Amino acid sequence: MLTVVNSANTVNASFKPELKKYSGVEVSYLIKDDLDRMLTDAKEQGLDITLLSGYISFEEQKELYDTAVSAYKKKKKCSTVKAEAAVKKTTPNAGESEQQTGLVVELSSESNKKFKESAEYHWLLKNCVDYGFVLRYPDKENTGGVGFSPYLYRYVGVEHAYRMRAYDMNLDEYVQYLGIR
């Protein structure tokens, strides 16, 4: 559950976790129950947290990345190398995305267009650890090279989530602290 996936630690095209469907979205079987509890508890408190995505296959990630690079090149009229460098900050290449593990979910709120300012986002920040989730790309330096995203939550298990919060560490820092890859 603590494996970091990025450009330095990739997964190959044949990797596919054991998946379960939750609200029409595929996620790792490891997170389904805790994800359900988290979203149900939020709903009981009047919050509208929407599950936008979960598992993304190698092929889907490649398509997302290639499309983003192509669009960036066209918009900025720049080289492929410059476009790839810019795009990697928001859209990892195939094999470099933790969504390929099924342990990352993209969450938002239909009630607020500025999710970072929403009650749902602030509830998630406060409570996600109770369900084993952490904000994957917080607004701090990240060794994975991906910029801040208020939408992506990574399942690490309750014990690790509490420790990461207590140590004020993101996943990259925590894994390095533990000495694992």
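Some points to look at:
- Lone qualifier among V175, V134, V156 - being touching a helix residue (DSSP H, G or I) at 6+ places or on another chain (Cβ under 6 Å) and closer than 17 Å to N6 by Cβ: V134
- If only residues of the range 37-52 that are more than 16 Å from the chain's Cα centre (by Cα) and surrounded by fewer than 16 Cβ atoms within 10 Å (Cβ to Cβ) are counted, the one that is nearest to E106 (Cα to Cα) is D48.
- For the residues Y155, Y121, the requirement of being in contact with a strand residue (DSSP E or B) (Cβ under 6 Å, 6 or more places away or on another chain), among the hydroxyl-bearing types (S, T, Y) and either farther than 26 Å from I49 by Cα or touching a residue at least 60 places away in the same chain (Cβ under 8 Å) (or both) singles out Y155.
- Residues of the range 81-94 that are touching a strand residue (DSSP E or B) at 6+ places or on another chain (Cβ under 9 Å) and either farther than 18 Å from Y137 by Cα or among the hydroxyl-bearing types (S, T, Y) (or both): T90 alone.
- Boolean, S14 is exposed (fewer than 13 other Cβ atoms within 10 Å of the Cβ), farther than 29 Å from A161 by Cβ and in contact with a helix residue (DSSP H, G or I) (Cβ under 9 Å, 6 or more places away or on another chain): yes
- Answer from T80, T67, T90 - the residue that is touching a Gly at 6+ places or on another chain (Cβ under 8 Å), among the β-branched types (V, I, T) and open to solvent by 20 Å² or more (accessible area, probe 1.4 Å): T90
- When S97 is tested against (1) among the small types (G, A, S); (2) over 25 Å from S14 (Cα atoms); (3) touching a strand residue (DSSP E or B) at 6+ places or on another chain (Cβ under 9 Å), only condition (2) is not met.
- Of the residues contained in the range 128-141, one or more are found to be in contact with an Asp or Glu (Cβ under 9 Å, 6 or more places away or on another chain), small (G, A, S) and crowded, with 19+ Cβ neighbours inside 10 Å.
- Candidates Y22, Y29, Y55, filtered to the one that is aromatic (F, W, Y), surrounded by fewer than 16 Cβ atoms within 10 Å (Cβ to Cβ), within 21 Å of V156 (Cα to Cα) and out of contact with any His (no Cβ under 6 Å at 6 or more places or on another chain): Y29
- Residue ID - most open to solvent (accessible area, probe 1.4 Å), chosen from residues in the range 142-181 that are at pLDDT 95 or above and among the basic types (K, R): R165
Yes/no per residue for (1) touching an Asp or Glu at 6+ places or on another chain (Cβ under 7 Å); (2) under 18 Å from V27 (Cβ atoms):
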| residue | (1), (2) |
| --- | --- |
| S79 | no, no |
| E84 | no, no |
| K89 | no, no |
| G95 | no, no |
| Q99 | no, yes |
| E110 | yes, no |
| Y153 | no, yes |
| E173 | no, no |
| I180 | no, no |
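- Strands (runs of 3 or more DSSP E) wholly inside the range 47-152 containing at least 2 residues that are aromatic (F, W, Y) and at negative phi: 133-137
The values are calculated or read from the model by the stated rules, or taken from the named source; none is laboratory data. Owing to the predicted nature of the structure, the values given are computational and were not obtained by experimental measurement. Virtual Cβ from ideal backbone geometry, glycine too; neighbours counted across all protein chains shown. The accessibility values were calculated without ligands, DNA or RNA, using every heavy atom of the protein model including side chains. Shrake-Rupley method; radii C 1.70, N 1.55, O 1.52, S 1.80 Å.
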